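Beneath this line is the structure, given in structure tokens, with notes to follow.
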């Protein structure tokens, strides 16, 4: 048992490193990015519950990105033009498809958000949006190694620990965005009627499509 604990302590980042990483990650997750825009759009359109489910989905997708970074796959995506293009165009196409689906959906009642999708589907959509975001892969490749000590060994374990801390922080801040935007939208929708509900539908579709266009326009990485 002592041997296992010693190995665990050796592989774990130093407390000072974890503290510095925590502060740097906290600053970064507080800055709204594409994931936050996706969550806010979902929360405004379908309410707080759907927003929180999207937070869970995005968090799951980000953990996939962390696993890819730990295994070295994110570095491959960041350095290979072909791999980068496959990921970015797949992610862009999926976001545009979500926007088209939202446009095709029937208008919601004036007094309530649209009928929510099945919980598993909302979580799955958020996970795919995050997992197919090439910017996240490039970010982890650039950010995590700054806090990893190769001399301690088990670089993949260190990356998983640090990446998990980052994702947990993002879950907390993303949940706040979902609750705030969903609550505000519910109040406005209840007072303003069908016009706001219709604007929410088209606005959400526009956000999805704009995020898709931004993903497609992400710069190509070359060796």
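Read the figures in this text as sums done on the coordinates, not as results from a lab. Since the structure is predicted, the reported quantities are computational estimates derived from the model, not experimental observations. Don't worry about glycine lacking a Cβ; one is built from the backbone with ideal geometry, like all the others, and counts go over all protein chains shown.
Using only the Cα atoms of the stretch 34-216, what are the Rg and Dmax in Å?
17.7, 61
Between residue 176 and residue 142, what FRET efficiency comes out of the Förster formula 1/(1 + (r/R0)^6) with R0 = 30 Å and r the beta carbon distance, rounded to 0.05?
After rounding to 0.05, the efficiency reads 0.70.
Quote to one decimal, in nm, the extra length available between residue 149 and residue 27 on full extension: 0.36 nm per residue of separation minus the C-alpha distance between them.
Net length gain for the segment: 41.7 nm.
Would you please classify the overall shape of the stretch 39-107 from the alpha carbon gyration tensor, given that a ≥ b ≥ c denote the square roots of the eigenvalues, rounded means a/c under 1.5, and beyond that prolate means a/b larger than b/c while oblate covers the rest?
The shape class here is oblate.
Could you state the number of Å between the C-alpha centres of the stretch 118-151 and the stretch 42-76?
About 7 Å separates the Cα centre of the stretch 42-76 from the one of the stretch 118-151.
Set the Förster radius R0 to 41 Å, insert the Cβ-Cβ distance between residue 184 and residue 82 as r into 1/(1 + (r/R0)^6), and round the FRET efficiency to 0.05.
Taking R0 as 41 Å, the efficiency between residue 184 and residue 82 is 0.45.
Can you work out the FRET efficiency for the pair residue 90 and residue 168, with r the C-beta to C-beta distance and R0 = 30 Å, to the nearest 0.05?
0.65
Give the residues of the stretch 115-148 whose amide nitrogen is closer than 15 Å to a point set 7 Å from the Cα of residue 101 in the direction of its Cβ.
The answer is 115-132.
Once the stretch 121-164 is represented by equal point scatterers at the alpha-carbon sites, with solvent omitted, what log10 I(q)/I(0) does the Debye formula produce at q = 0.15, 0.17, 0.18, 0.21 Å⁻¹?
-0.48, -0.58, -0.62, -0.74
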